[in-house]
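The values are calculated or read from the model by the stated rules, or taken from the named source; none is laboratory data. Because the structure is predicted, anything quoted here is derived from the model rather than measured. Neighbour counts run over all protein chains shown; Cβ positions are idealised from the backbone, glycine included.
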Amino acid sequence: MSKHTEKLRKQLLEISEVVNAFRSEAVQVKIIDRLLDSIIDDRHDSDGETLKLQDNRGRKRREYEDDGTEGRIRGRKKPGATKILNQIIHTDFFETRRSIAAIANYCKDTYDSDFKTSELSGILLKLSNEGKLKRERNNENNRFDYIKP
């Protein structure tokens, strides 16, 4: 075994009694996870590069910058529909009547977020109930259009 692995093994043996005192496996896993996170926080890469961890399934879990702070994982989540719609409200996009399909296309083109119309409908209803948008039925296709009040 390498020096690092042997050292880690000894450290785990020292804390195993404390961890095993908890009956819940979920609690044990959380304790070990936090312990390992704190160990990694203390460790810095000698090259000054970002340390990348993988969970037990081989997926990238976290990135740590060379100063020990947690960095944002590349390709992580995009902003959700609620956040994007709240941003759009403050632009002039809703100055004209917009269908839910037009809103979804605008989100895809402008924010690179491909939302289904069903994802947007509940949020748009909430925004109209709050008075931030006006919801009007379109007589041509019997669907709702949204416009600023």
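Note on segment 1-28: among residues that are among the small types (Gly, Ala, Ser) and part of a helix (DSSP H, G or I), the one that is nearest to ILE40 (Cα to Cα) is SER16.
Would you pick out the residues in segment 88-127 that are charged (D, E, K, R) and in contact with a helix residue (DSSP H, G or I) (Cβ under 9 Å, 6 or more places away or on another chain)?
Of all residues in segment 88-127, those charged (D, E, K, R) come to 92, 95, 97-98, 108-109, 112, 114, 116, 119, 126.
Correct list: ARG98, ASP114, LYS116, GLU119, LYS126.
When segment 86-112 is filtered for residues that are touching a residue at least 24 places away in the same chain (Cβ under 8 Å), surrounded by fewer than 13 Cβ atoms within 10 Å (Cβ to Cβ) and more than 11 Å from ILE147 (Cβ to Cβ), only ASP112 remains. Out of LYS10, LYS30, one residue alone is under 22 Å from the mean Cα position of the chain (by Cα), at pLDDT 80 or above and over 30 Å from LEU120 (Cβ atoms). It is LYS30.
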